[in-house]
Amino acid sequence: MQYMKKLLLEEDGMGVVEVILIMVVLIAMVVIFKEQITALVENIWNSINKGAKSIY
């Protein structure tokens, strides 16, 4: 019984609220910077494709 009480009162680690707040911030950043992220990924893929074509 003492173990269960100690387990319930333990506050180590991240809680659910913190994880949800981090997820909300990340999603908001993706929505705000969607165009820039898309352009960056397209540039990276184009660079990879050009490099792969030069090898073959």
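Couple of notes before you dig in:
- Some residue of segment 4-15 being of a type in the set (A, V, I, L, M), modelled with pLDDT of 95 or more, at negative phi and not in a loop (DSSP other than H, G, I, E, B): no
- Output for segment 41-56, where each listed residue is closer than 24 Å to residue 30 by Cβ and hydroxyl-bearing (Ser, Thr, Tyr): 47
- Among the residues of segment 20-38, at least one is surrounded by 10 or more Cβ atoms within 10 Å (Cβ to Cβ) and in a loop (DSSP other than H, G, I, E, B).
The values are calculated or read from the model by the stated rules, or taken from the named source; none is laboratory data. Quantities reported herein were computed from a predicted structural model and do not represent experimental measurements. FYI the Cβ positions are ideal-geometry reconstructions off the backbone, even for glycines, and counts take in every protein chain you see.
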